[in-house]
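The structure appears below as structure tokens.
The values are calculated or read from the model by the stated rules, or taken from the named source; none is laboratory data. Every value quoted in this text rests on a predicted model; they were computed, and no experiment measured them. Every residue, glycine among them, receives a Cβ derived from its backbone with ideal geometry; neighbour counts consider all protein chains shown.
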Amino acid sequence: MTCLFVIRKFLKLSTATYVLLASLTWLPMAVSAQSNQAPPGVQVVINGHQFPEDSFALLVQEIGSYTPVLAINTDLPLNPASTMKTLTTLAALDMLGPAYTWRTELYALGSINDGVLNGDLLLRGGGDPFLVEEHMRSMLKTLQRRGVQHISGNLLINDTLFDPAVSVEDSLDAQSNRAYNVLPHAAITNFQVVTFYFYPAEDGRNVRIVADPPLPGLRIDNRLRVQQGACTGFQRGVSFSEDKSTQTVIFSGSFPSQCQEYTMTRAVLDAPTYTYELFRYLWQELGGRFDGSLQTNTLPSIEGRPAAEPIVSWQSPPLGDIVKSINKYSNNMMTRQLLLTLGLEHSGAPASINTGIAAIHEYLDGIAVQRTGLLIANGSGLSRDTRLTARMLADSLQHAWQQPIMPEFLSSLPLAGLDGTMDDRLADEPAQGRIHVKTGSLSGVAGIAGYVHAHSGKRYVVVALVNHPGADRGTGQELADALLRWASEQ
């Protein structure tokens, strides 16, 4: 006999009243009355850094509760930096499913006889955000197993799934060669980056530079000289520049003699040229022969074999794995590719930023998350124009917890003190390993959004957004960490 049945029996409730009370038993209960006053430990940080009242938003809410434990400025639109990625990845997991994959296709545009492709090889980019060197090598090994060892024609790259405009944009900080500023492209490979290794040469005067991968068409103009000194200083004294017209990277400056090894990762070339050069390097490494050059083209409209069907269709890792790389390490390029993929599935090719944004808007409307004040620039949060509210993030995180994709989404978020962008935060503290949270950092912006498993056993959604000069240089992180500590102690 349920409690409601007993109440109805002894109080003689009407049937309508009984049904209403029964329905209410399925509703989540509030943790406590909402507080608009920051906890003492959090307030100390606010006062210490003199954060204006309208420069931050804080929200703590138990999973399944309607009423936050703490809510300050939760409807104030703020720049979220990379906490925006939680929204993009959640929408993708929910709309596309964790098993979703991207396909890169190779077409043989000619006959194949005795291992020779008598014609061009066409690579049709599928927008794969994780077509790294190892996967590209495996794709080309598959091509060789299917009978192609020698390509007499050119490499054609088809990139028509994405609108060309998505690959043309000024970088946020005039650092276009940094990996975090790489723009999306339907046929991008290996994040479009090369890692350069620097070693003092045996002569004691010069510096040896090793590139990985060693793209055959990328020239290195080495002007570095060894200077006696300790292995310290910004970039170890290495200055980088690039002349795209000649496919040349230039290194200059003075390299400290006591540095045994230093690494620098930089974006180089443009996406089609990089993919072509990576293809040339790997094809030669695999013992293949290639007689042609690069051409960018659309997929030829040729009926019948061999051009109608791809000779190789390469499948990416599933989305459930991809979002881990995105959220754990805050990969901007991969998130941009994901936004465009949402646009592609929503509106068809060519995908654009606008169609991707429309897909997220439709998703939020479908799950009844209020999106007033939402401004999306590229889905990654690497923008001065992005805006959202703490309530919007919290409502989305509450929704995620109730969905079948919750395990994939939760495991993609960095663990406090253990991995990703949280590996050195809250380490060796009681909260270590009990917090899954996405971080965000941009000049003047800091934030976190995720889940806290409190010592009481309760689970909370926690969001902190700070927009204030210097927030990215430690003050915003200090406020967010204070909030996370407090939530974990509940």
Checking Arg425 against (1) under 21 Å from the mean Cα position of the chain (by Cα); (2) assigned to a helix (DSSP H, G or I); (3) over 23 Å from Pro129 (Cβ atoms), the condition it does not meet
(2)
Reported set for the stretch 210-238 where residues are surrounded by 18 or more Cβ atoms within 10 Å (Cβ to Cβ), closer than 30 Å to Arg336 by Cβ and of a type in the set (Val, Ile, Thr) is Val238
When the stretch 54-111 is examined, which residues are found to be within 26 Å of Gln337 (Cβ to Cβ) and acidic (Asp, Glu)?
Asp94, Glu105
What is the number of the single condition among (1) touching a strand residue (DSSP E or B) at 6+ places or on another chain (Cβ under 6 Å); (2) on the phi > 0 side of the Ramachandran plot; (3) not basic (Lys, Arg) that Leu410 does not meet?
(2)
On the basis of being in contact with a Phe, Trp or Tyr (Cβ under 9 Å, 6 or more places away or on another chain) and either surrounded by 15 or more Cβ atoms within 10 Å (Cβ to Cβ) or farther than 22 Å from Arg289 by Cα (or both), does Gln175 make the cut?
no
Quick test of your reading of the structure: Gln260 fulfils all but one of (1) surrounded by 15 or more Cβ atoms within 10 Å (Cβ to Cβ); (2) in contact (Cβ under 8 Å) with a residue 40 or more places away in the chain. Name the failing condition by number.
(1)
Test result for Gly204, more than 23 Å from Ala174 (Cα to Cα) and modelled with pLDDT under 95:
yes
Cβ pairs under 6 Å, 6+ apart, first in the stretch 374-397 and part of a strand (DSSP E or B), second buried (at least 23 other Cβ atoms within 10 Å of the Cβ)
Leu375/Thr386; Leu388/Pro80
Residue identified as assigned by TED's automatic domain parsing to the domain that holds Thr389, in contact (Cβ under 8 Å) with a residue 60 or more places away in the chain, within 30 Å of Thr160 (Cβ to Cβ) and buried (at least 18 other Cβ atoms within 10 Å of the Cβ) among Leu78, Leu87, Leu123
Leu87
Subset of the stretch 174-233 (residues that are part of a strand (DSSP E or B), farther than 17 Å from Gln247 by Cα and not hydroxyl-bearing (Ser, Thr, Tyr)):
Phe198, Pro200, Asn206, Val207, Arg208, Leu224, Arg225, Val226, Gln227
Confirm whether Gln235 is polar (S, T, N, Q) and modelled with pLDDT under 95.
no
Among the residues of the stretch 403-422, which ones are outside any helix (DSSP H, G or I) and either among the hydrophobic types (A, V, I, L, M, F, W, C) or touching a residue at least 12 places away in the same chain (Cβ under 8 Å) (or both)?
Gln403, Ile405, Leu413, Pro414, Leu415, Ala416, Gly417, Leu418, Asp419
Of the residues in the stretch 90-106, those that are in a strand (DSSP E or B) and either more than 26 Å from the chain's Cα centre (by Cα) or crowded, with 22+ Cβ neighbours inside 10 Å (or both) come to Thr104, Leu106
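Considering only the stretch 364-373, state which residues are in a loop (DSSP other than H, G, I, E, B) and farther than 15 Å from Leu397 by Cβ.
Correct list: Thr372, Gly373.
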Please go through the stretch 107-132 and pick out each residue that is within 35 Å of the chain's Cα centre (by Cα), assigned to a loop (DSSP other than H, G, I, E, B) and charged (D, E, K, R).
Asp128
Which residue pairs have Cβ atoms under 9 Å apart, sit 6 or more places apart or on different chains, and have a first residue in the stretch 429-457 that is free of Cβ contacts under 8 Å to residues at least 12 places away in the same chain and a second that is in a strand (DSSP E or B) and of a type in the set (Gly, Ala, Ser)?
none
Checking the condition more than 30 Å from Ser383 (Cβ to Cβ) and either within 32 Å of the chain's Cα centre (by Cα) or at pLDDT below 95 (or both), which residue from Arg178, Arg219, Arg223 passes?
Arg219
Checking the structure you have, find out if any residue of the stretch 442-451 is more than 17 Å from Phe56 (Cα to Cα) and in the same structural domain as Thr89 (by TED's automatic domain parsing).
yes
